[in-house]
1. With each label point set 7 Å from Cα along the Cα-Cβ vector, what nm distance links M109 and Y185?
2. Given H placed on each backbone N at 1.01 Å, which residues far from G7 in sequence or on other chains put an amide H within less than 5 Å of it?
3. How big is the chain on each of its three principal axes, counting only the C-alpha atoms and giving the largest first in Å?
4. Rounded to whole Hz and in sequence order, give me ³J(HN,Hα) for the range 134-151 from the Karplus expression 6.51 cos²θ - 1.76 cosθ + 1.60, θ = phi - 60°, writing x for Gly and Pro.
5. Taking H placed 1.01 Å from N in the peptide plane, check which residues at least 5 places from F86 or on another chain put their amide H under 5 Å from its amide H.
6. Apply 1/(1 + (r/R0)^6) to the Cβ-Cβ distance of L149 and Y37, taking R0 = 22 Å, and write down the FRET efficiency to the nearest 0.05.
7. What full-extension length gain, to one decimal in nm, is calculated for E140 and L200 as 0.36 nm per residue of separation minus the Cα-Cα distance?
8. What's the longest uninterrupted piece of the chain once you rule out the GluC sites (Glu not before Pro) that are loop residues per DSSP with at most 13 other Cβ within 10 Å?
Amino acid sequence: MRLILLGAPGVGKGTQATLLSKALSIPHISTGDMFRYHISNNTDLGMEAKQYIDKGMLVPDEITVGMVADRLKQQDCRNGFVLDGFPRTIQQAKFLDKILKDLNIQLDMVINITLDDREIIKRLSGRRICPQCSAVYHIEDKPPKNEGLCDNCGTGLVQRGDDKEETIIKRLQVYHSQSEPILEYYKDKVKIVNIESHKLLEVTTKRVFEALGVDYKTLNAC
Ligand code: ADP
Ligand code: ZN
């Protein structure tokens, strides 16, 4: 299955992509996670990307597109992938078309997760992440078992630098002006399913799995 998850920051794309990746045994390709990995390893790419990310701006295509192309060319993407956070502009969607054409593969579905801006701001400002394994928590809605520590690996949770209120607002503006138009671009090209993000993670997950025709129970087996 070759999937793209679209939606504003904070709708839960990353969480759903992680679950789909496990249930379908396909790689989860998150450009945000890739950038954060580069930043924590102080690579040149990471240092360059950080300047944009901290301001809530998009990282330029010169950096982003090559990174995604390299990833999609790897062997483990042969049988499918779930793209999360890419494409983020129509320009990137066109680049992706070209990358996939060169690899001779086609997208199966675009899943668009929706949520009100007001709810998004609430979610993002309470979000905490594990810098080690990328697990995502929320101080009220999904607290870790031990306060401030990751359930999976025990690492101290952190707030993302770009989850500050003023940066969140900037990211939402960027989403509405640059990323939302991608839906129009895909309208006649790929099947698009719109799914409203629910406060309860399980409800959203059920909706996503239903849309894909994947048995929700396969998740418990992971
Ligand atoms: P969110 O969806 O919550 O904004 P991500 O982890 O997907 O979080 O992205 C974090 C930041 O990384 C974005 O605000 C942007 O600066 C940068 N980024 C991620 N993906 C892309 C992309 N495809 N193109 C440009 N910048 C990106
Ligand atoms: Zn962890």
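Here, each number is a calculation from the coordinates, and none is a lab measurement. Treat the numbers as computed from the prediction; the structure is a model and nothing was measured. Note that each Cβ is placed from the backbone with ideal geometry, even for glycine, and that neighbours are counted across all protein chains shown.
1. 2.2
2. Those qualifying (amide H under 5 Å, at least 5 residues apart or on another chain) are I113.
3. 47, 42, 33
4. 6, 4, 10, 10, 9, 4, 9, 7, 8, x, x, 4, 10, 3, x, 10, 5, 4
5. T31
6. Values: r = 21 Å, r/R0 = 0.95.
E between L149 and Y37, to the nearest 0.05, is 0.60.
7. Values: separation 60, 0.36 × 60 = 21.60 nm, distance 1.21 nm.
My answer for the length gained is 20.4 nm.
8. Values: sites that count: E140, E147.
Looking at the chain, 1-139 is the longest stretch - no exposed GluC sites (Glu not before Pro) with at most 13 other Cβ atoms within 10 Å.
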